[in-house]
Amino acid sequence: MADTFNRLHRELQTRLAAGDSDSVLDVARGLLGDPRTRDDALLWMGLLAARSPAAETVDTGLAALASLVLKNEDVSALRLLERLATIRSPRAGDAQAWRALASVAAAEAYRSEPTRPDLLVAHATHLADAASPAPLRQLLARHAPQLSAPDELRRLAPLFQRAFGWPFGAIRQAGERLQGWCLIAPDTPTPTLTLQAGQRRIAFNATRRHSLSLDSNERVDCLRFELALQGQAESLAVSIADAEGQPRQLVGGPLSLQDTRPPHRRPDASLPAEDAEPQRRAVTVLIPVYRGLEVTRRCLDSVLAHRAANRAFQRLVVIDDASPEPELVALLDAYATRGDIELHRQPLNRGFIGTVNHGLGLHTADDVVLLNSDTRVHGDWLDRLQHTAYRHARTASATPLSNNGELLSYLAPCDPAPAPDDDALARLDRAASQANGNDAARDARIPTGCGFCLYLRRDALDTLGGLDPTLIRGYGEESDWCYRAAVQGWHHRGALDVLVAHEGGVSFGAEKRLRVMQNLSVLETRYPQAERAFTAALQHDRLLPGRRRLWRHWLRTQPLSALRDLDAPATLPLWPSLAHAERALDAADTQGQRGIVLALSRRRQRLTLTGNAPHRWRLDYALPDDSALLGDDLHALGMTAIDARDDGVPNWLERWLPGWCPPRPRSQAEPPALAPAIPGIAAEAPRLLAVAGTSASLTRPRFVNWLQAQAREPRGARLLPLRRAAWPACAWRSGHLFPLPLAESRYRERVELLRDHLPLAGVVLLDTTPLTLADARWLDTAERSLPWWLPDDLADTLPADALATADGGRRPIHRLALACHATPSRRGRHAMPLESHHDGTV
């Protein structure tokens, strides 16, 4: 099969190079009918549009790429989408909208894979056109120390010059050496560099100088240097004189040159025996601090408030990693003056790894809890965490549940939720303790812990040492430590009876994903089995029973008035996807309402019960096994019936929950065939039309027939259904069907990109159910209310308030002649069944 695909791709490349675009498009349309080749076909349609940007090709390419963007993690479609929007000559002169599409597509591609140089260049190029230079400077400075390849520097040099001017360069630690580069104007004398190490200043010259040829036929010279340094330097920086003779410090400094070996390892330490019962130790609660005044205050106050509830002896050690916030520095001084914390302050920023390793060496007989400064704890959290850490002889680490804790996230693995407030945290932590407090349910084995709150046993630290300082600061270092421990025979536990609130991303913000990706590539090389273990943990969630016990216990102990509005109907809405359900809860949040909803899983044999009050919570059920359990939970919530918002509710739901589901209304007969619209009113240019409808409406013959009619028209509309459905192969091969499951996708960044920036001409409504109307309204943005197309037979079923837009205007409504069966004209072609009436009437 792979050989066949390779031959096909070579043939298509040959045809495209020869300018035979029509045959390439025909082949791509044929490939759409086979699920195995569908993604390739969509990419070829996008590539064809980028190579031959005619109006028809561009609309097809936009629809194909938009469909593919939501389907997988491959950024090729995003890159093509950005390229297509960049080269497209705007129809109707809307150049600004196309530039915005190009910019956000480039930004999303970079966000997805921030370590790829080509995506960095594309994103930075768009930022260079922004009104403020600050975002471009931040982005380039973030990457500069890790750049080294000549091609990377050549492509980024014009952007560096625009953001900073010459000279500009960066330094980084590489093992026991200092490496750096600097870009200077060509044909200028080689400047002297100055190394400042502590109080010493040393002048030196670059060892290499070479010219870089830029795409603009200009040149820039690159200086490179590498210095061997012994020991540690508390402040290490390199500067170069600028055009005015003033010293300009290279990005990356000042830094602290650190030993590249993990510290605090005892050579005589060994793995404990399986039946060993190590003695519990005192605990250092280690909190590195850099930014975030209020979150740090709440963190420290929560630890101090519950100190007396824990029997374990604890030291509260705070390390100020050269915080740039004066108010935060003053706050820490105040806590230290009162004797509440043991404060250590670093003269320059050493990053998370350097800060933690410093803290690990302060009290070398203690166990250590690494606690982020944006967390909050409750009750005897430390005693329970320590109990989990010592239940098994070779446990290296223990991690509690959290709203935002990767595998330990309490909604689902790697599915973060907003942090609960203090009262909600107290209730959740008590529920976790009571529901999972017995030894049979207390913990579960996990492949890696999470650094927001990570209990490290000292015997494991003695064996393994601290965090690896060769990793780039910020993220993944605790995973490296955990995988290193697993290789040497240790294991890690998730503490299901402890819950810690975690805000997430306070210190690093937008930099987080870059650091994650940079370190992840290192981990995948070091531990090839780690990715498989993590994927297995996602697919076979060992924490699921503990999550269910937590939420069910919590649910039973909440007053009903805290979960839902008691004066609201006791009928539970059932949405066709979790994305629909979450949007309904988001809407309730904006209106100050408490809500509970049900959602169907994509696997169609699972239901999710979720609510928004007093915070987000979730319970999953597998039918039919959990039918009785679901019924008990619904009774406890005071619900009396389930209102399915989609007419495609599976039969098994009615079979296993007959007492909850009202009888289905009798299916209406297919409406009579309608005469096609007059051909002369066809649109002047191809259109991208979103299609909203229930699962049944999307698979009715009249929609498929209308789709075929569009395919037979040279200027037929490209149709993008907002939901998935089981279409026949002929529908796919029409070349005009591009599913865009925005309505049921939880990929928030890409949903927002397409919803706000895809140049849709309007929305086709296949029915007027509340679900379809909600999906159609949701596509409206603050700047744009989309017109609707309705079949003639639905005109009388459209609610009067549907004509009103969010800004108080009146929505344009267009006639759509949608026949049940194909009605060929005398030429054997279908007429374009679109009629437009811009007076807002049907």
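The values are calculated or read from the model by the stated rules, or taken from the named source; none is laboratory data. Remember, predicted model here, so these are calculated numbers, not experimental data. Methodologically, a virtual Cβ is constructed for each residue, glycine included, from the backbone with ideal geometry; neighbour enumeration extends over all protein chains shown.
Annotations for the structure displayed:
- Single match in GLY592, GLY546, GLY611 (criterion: over 20 Å from ARG748 (Cα atoms), small (Gly, Ala, Ser) and either modelled with pLDDT of 95 or more or assigned by TED's automatic domain parsing to the domain that holds ALA424 (or both)): GLY546
- Selection status of GLN529, free of Cβ contacts under 8 Å to residues at least 12 places away in the same chain and in the same structural domain as ILE287 (by TED's automatic domain parsing): yes
- Against the list (1) closer than 30 Å to GLY175 by Cβ; (2) crowded, with 23+ Cβ neighbours inside 10 Å, the condition GLY465 fails is (2).
- Some residue of region 469-480 being buried (at least 22 other Cβ atoms within 10 Å of the Cβ) and within 24 Å of GLN314 (Cβ to Cβ): yes
- Members of region 149-190 that are of a type in the set (A, V, I, L, M) and surrounded by 15 or more Cβ atoms within 10 Å (Cβ to Cβ): LEU153, LEU156, ALA157, LEU159, ALA163, ALA170, ILE171, LEU178, LEU183, ILE184
- Taking (1) assigned to a helix (DSSP H, G or I); (2) over 29 Å from ALA282 (Cα atoms) in turn, THR470 satisfies each apart from (1).
- Per-region count, region 564-604, residues surrounded by 21 or more Cβ atoms within 10 Å (Cβ to Cβ) and of a type in the set (S, T, N, Q): 1
- Test result for TRP617, surrounded by 18 or more Cβ atoms within 10 Å (Cβ to Cβ), at pLDDT 95 or above and of a type in the set (Phe, Trp, Tyr): yes
- Residues in region 430-451 that are surrounded by 15 or more Cβ atoms within 10 Å (Cβ to Cβ), outside any helix (DSSP H, G or I) and of a type in the set (D, E, K, R) were compared, and the one that is modelled with the lowest pLDDT is ARG442.
- Selected residue (criterion: farthest from the chain's Cα centre (by Cα)) from residues of region 312-348 that are within 15 Å of HIS358 (Cβ to Cβ) and of a type in the set (A, V, I, L, M): LEU343
- The listed residue being within 23 Å of PRO272 (Cβ to Cβ), under 24 Å from the mean Cα position of the chain (by Cα) and either modelled with pLDDT under 90 or surrounded by fewer than 21 Cβ atoms within 10 Å (Cβ to Cβ) (or both), out of ALA510, ALA533: ALA533
- Condition check for ALA66: in contact with a helix residue (DSSP H, G or I) (Cβ under 7 Å, 6 or more places away or on another chain), under 23 Å from GLY762 (Cα atoms) and not hydroxyl-bearing (Ser, Thr, Tyr): yes
- Filter pass, ARG209 being in a strand (DSSP E or B), without any contact (Cβ under 8 Å) to a residue 12 or more places away in the chain and of a type in the set (D, E, K, R): no
- Strands (runs of 3 or more DSSP E) (entirely within region 236-290) containing at least 2 residues that are surrounded by 11 or more Cβ atoms within 10 Å (Cβ to Cβ) and in contact (Cβ under 8 Å) with a residue 60 or more places away in the chain: 255-257, 283-289
- Within region 790-819, residues that are farther than 16 Å from SER697 by Cα reach partners that are basic (Lys, Arg) and part of a loop (DSSP other than H, G, I, E, B) with beta carbons closer than 9 Å, at six or more positions or on different chains, in the pairs ALA802/ARG811; LEU803/ARG811; ALA804/ARG811; THR805/ARG811.
- Taking the listed residues SER67, SER76, the one that is hydroxyl-bearing (Ser, Thr, Tyr) and touching a residue at least 40 places away in the same chain (Cβ under 8 Å) is SER67, with no other qualifying.
- Against the criterion of being farther than 25 Å from ALA486 by Cα, in a strand (DSSP E or B) and modelled with pLDDT of 95 or more, VAL329 does not qualify.
- Some residue of region 48-57 being in contact (Cβ under 8 Å) with a residue 40 or more places away in the chain and either touching a strand residue (DSSP E or B) at 6+ places or on another chain (Cβ under 7 Å) or surrounded by fewer than 19 Cβ atoms within 10 Å (Cβ to Cβ) (or both): yes
- Those residues of region 411-429 which are surrounded by 20 or more Cβ atoms within 10 Å (Cβ to Cβ) and either in contact with a Lys or Arg (Cβ under 7 Å, 6 or more places away or on another chain) or among the polar types (S, T, N, Q) (or both), in sequence order: LEU425
- Taken together, ARG723, ARG733 contain a single residue that is buried (at least 23 other Cβ atoms within 10 Å of the Cβ), over 18 Å from ARG811 (Cβ atoms) and touching a Gly at 6+ places or on another chain (Cβ under 8 Å), which is ARG723.
- In region 161-185, the residues that are touching a helix residue (DSSP H, G or I) at 6+ places or on another chain (Cβ under 6 Å) and aromatic (Phe, Trp, Tyr): PHE168
- Residue among LEU214, LEU229, LEU193 that alone is closer than 29 Å to LEU153 by Cβ and buried (at least 17 other Cβ atoms within 10 Å of the Cβ): LEU193
- Selection of helices (runs of 4 or more DSSP H) fully inside region 653-765 by the criterion of at least 2 residues being under 19 Å from HIS580 (Cβ atoms) and at pLDDT 90 or above returns 695-698, 748-757.
- For LEU229, the stated conditions do not hold, so it cannot be described as in contact with a strand residue (DSSP E or B) (Cβ under 8 Å, 6 or more places away or on another chain), more than 30 Å from THR364 (Cβ to Cβ), of a type in the set (A, V, I, L, M, F, W, C) and not assigned by TED's automatic domain parsing to the domain that holds HIS123.
- Summed over region 210-253, residues that are more than 19 Å from ALA149 (Cα to Cα) and in contact with an Asp or Glu (Cβ under 6 Å, 6 or more places away or on another chain) total 1.
- Among the residues of region 84-98, not a single one is β-branched (Val, Ile, Thr), surrounded by 15 or more Cβ atoms within 10 Å (Cβ to Cβ) and touching a residue at least 40 places away in the same chain (Cβ under 8 Å).
- Test set (1) crowded, with 24+ Cβ neighbours inside 10 Å; (2) in contact with a helix residue (DSSP H, G or I) (Cβ under 6 Å, 6 or more places away or on another chain) - ASN372 fails condition number: (2)
- Qualifying residue in region 95-105 (condition: modelled with pLDDT under 90, out of contact with any helix residue (DSSP H, G or I) (no Cβ under 8 Å at 6 or more places or on another chain), of a type outside the set (D, E, K, R) and not assigned by TED's automatic domain parsing to the domain that holds ARG208): yes
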